[in-house]
Every structure is written in C-alpha cells, then in structure tokens.
Amino acid sequence: MRPLDRLTLGYLAVAVVVVAAGPGPVQDRGSLLIGFSGCAVLVLLCAGLARRSPASRPAACAAVTYPLVLPFFLYPAVGRYALVLRGRFLDSEVNAWEARVFGVHPNLALDAVARPALTEFMMAVYFSFYLFAALPPLWLVFRGRLKDAERYLFCQMLAVYMCYLGFLLVPLRGPMFALRDHFEPSGLSGYAMTRLQAHIMTRDPAGTCFPSAHVATAWSGLLAMRRTMRPKVSLFFLPLILCITASVVYNRYHYASDALAGMAVALAAAFLSAALQSWSALPVSSRSRSVRRGYLRKVP
C-alpha cells in the first residue's frame, strides 16, 4: 500500500480501538464502528482500483483524492466520543493556563477591537479555509501531478489525524461557551458572511478545539506547497494563512493555545511526512542499512 493508504487505515484502526475500548462515554458506539469500517472499505476500494487499473486516470485520481471526503464523516464523529479518554471538558484548566501565561484571555483582548467590518473580514477568512484545504491538491491532480498531490495530502492528512487524536487528549468546548459570560457584546456583529458562518458553526461538534484543525491544516498545506509547488506560491498564500490563524481566536472558536498547538502540529506533520515518505521510498535493503546507521537517507 501507498503511504497515504497506510496512514489513513492506521488512524481508522486507532479510532476503532479508542471507541470500542475507551473508558469514557461514547454516543452510538455501534454506528461509529460501522462508519469507521465503511471508511476503511472506501480506502481499500480506491487503492485496489488503482492497482488493478494502473492506466485508468479516474481510478488514479480517486486513489489520491479520497482523503478529502473522509473528514465529512470523521470530523463530526469525533464529537460523539470526544470525552472517551478524559471524561470531561478541560476549558477551566486551559483558561487558567492562558491567564498565567498571557496575563489576559486573548479572546477577550481581541474582543475590545471587534467591529462589524473587521468581523465580516475575519469570518470570510475563516470560511476561505474550506477552499484552501481542497483546491491546491485538486489543482495538482488536474495538472496530472498525482505524485505531488499524494505527497501534499499525506502531509495535510497527517496533521488532520493528529488533531483528531488531540481532541481526545484535551477535549474543550471553546471560548464561545466557556467565556460566554465575559464577552461584551455576547455575540459578534457582522453581515452576510458572519450569518453564514454562524449557521455553519451550529453543527460544529463539541470537543474539537485543541489543537485547531483549521490552523494545523492551513499551515501543513502551506508547508506542503513548499515541497510540491514553486516557493513563490507558498509566499503568496502566507498572508491568508496568517489571517486564518488570527481569525480562529478573533471569531471565538478557539483559544490562542489551540492556534499555537495547531501550528506545532503542522510543523510536526511536515517533518514526519518528509521522513516517512523518504523511508517508504527506500528499497528494503537500504532501509536496513539506514536503521543500522541511525539515519534516514534523503531520497529526491
């Protein structure tokens, strides 16, 4: 199997074990296990079609792009077992930690500069994430650069899966709930994008804050661009990624620590994806020599 397939199946295996054997509460355990199994079947089908029909472009494209579909199930599913390891939300501990480190709650500090026009801009930036997460790898596929698309998605999905596991280790409701009595006014005022994003967030699963998957996915995509596209492309998108990072805190969806953890996850995913993909490209004999020498030989 390709590294992307092994990565996805590995995450699904971990999720199955956690849901099946975790000590905390799980909502509708049976349907979750069926859903994880269905995702695994999809991975195996796409990988099998690509192997059986190597000359088929649709099969090859499906084998690369299927990870973009999985979060439609996997992300909301986390909300049904977010407390499986810790048993409760940890917002009070995170708020106390941020107060000690920053001397103030960053969400409340940003609240002082909130204006309808700025809020509309921040909501639009936050919404742009959904396009940024999908369009670059799809562009690579459209240009026929399937290997580059696979490398891009490996890095991005590694960050996503790390976030999903992080949700279980540090389950949080987020500042919109934990600090709702401290915001003045209680809700952000804006225009069309603000109302659209508020509607979208009504379906956001509880407990999916730390690390920020928005920040981790955005930064891991930017770092993946440096390996799969021209350097100028990543520089072009850098202002957008910085704005996305700020928007998750300004919009009250995440704590500042969530955003910082998301950036750390992206850096770890970029490093690990480069190392793991280089390792998988080595012949078996070369891997053995690399283990004995204690390093990974870089493969172009």
Filtering trypsin sites (Lys or Arg not before Pro) in the range 1-95 by DSSP loop and by at most 11 other Cβ atoms within 10 Å leaves Arg88
Using alpha carbon centroids, what distance separates the range 1-48 and the range 110-127, in Å? 37
Quick one: which of 269-276, 105-112 comes out on top by average Cβ neighbours within 10 Å, and what's the full order, highest first? 269-276, 105-112
Taking R0 as 45 Å and r as the Cβ-Cβ distance between Ala275 and His182, the FRET efficiency 1/(1 + (r/R0)^6), rounded to the nearest 0.05, comes to 0.55
Rounded, prolate or oblate: pick one for the range 32-172, where a ≥ b ≥ c are the square roots of the eigenvalues of its C-alpha gyration tensor, a/c under 1.5 means rounded, and failing that, prolate if a/b is larger than b/c, else oblate. oblate
Here are some values of semi-axes √(5λ) of the Cα gyration tensor in Å: (i) 34, 23, 19; (ii) 42, 21, 16; (iii) 28, 21, 19. Which one was computed from this structure? (i)
May I ask you to compute the full-extension gain from Glu93 to Val69, defined as 0.36 nm times their residue separation minus their alpha-carbon distance, rounded to one decimal in nm? 5.2 nm
The relative contact order of the chain, taking Cα pairs under 8 Å that sit 6 or more residues apart, comes to a percentage of 22
Here the gain from full extension of Arg230 to Leu165, 0.36 nm per residue of separation minus their alpha-carbon distance, amounts to 20.2 nm
Given R₀ = 22 Å, FRET efficiency for Ser31-Leu9 by Cβ-Cβ distance, to 0.05? 0.65
Computed ³J(HN,Hα) along the range 271-277: with the Karplus parameters 6.51/-1.76/1.60, θ = phi - 60°, integer Hz and x for glycine or proline, the list is 5, 5, 5, 5, 5, 5, 5
Using the Cα centre of the chain as origin and beta-carbon charges of +1 (Lys, Arg) and -1 (Asp, Glu), tell me which of Gln277, Ser53, Val233 is placed farthest towards the positive end of the dipole. Ser53
Between Val16 and Leu238, what is the label-to-label distance in nm when each label sits 7 Å out along the Cα-to-Cβ direction? 4.4
Any idea what the relative contact order of the range 1-117 is, in percent, if you count C-alpha pairs under 8 Å spaced at least 6 apart? 29
Estimated vicinal HN-Hα couplings, Hz - the range 68-77 in sequence order (Karplus 6.51, -1.76, 1.60; Gly, Pro = x): 5, 8, 4, x, 4, 9, 5, 5, x, 5
Measuring from its Cα centre, the chain shows a charge dipole (+1 at each Lys and Arg Cβ, -1 at each Asp and Glu Cβ) which, in debye to the nearest 20, is 1640
For Thr8, what accessible area in Å² do you get when you roll a 1.4 Å probe over the heavy atoms of the protein chains, rounding to the nearest 10? 0
Fraction of alpha-carbon pairs over 27 Å apart in the range 85-233 - percent: 35
Could you run the Karplus curve 6.51 cos²θ - 1.76 cosθ + 1.60 with θ = phi - 60° over the range 134-142 and give me ³J(HN,Hα) per residue in whole Hz, x for Gly and Pro? 10, 5, x, x, 5, 5, 4, 5, 4
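The values are calculated or read from the model by the stated rules, or taken from the named source; none is laboratory data. This structure is a prediction, so every number in the text was calculated from the model and none was measured. Cβ atoms come from the backbone with ideal geometry, glycine included; neighbour counts cover every protein chain shown. Please note that ligands, DNA and RNA were not included when accessible areas were found on the heavy atoms of the full protein model with its side chains. Shrake-Rupley method; radii C 1.70, N 1.55, O 1.52, S 1.80 Å.
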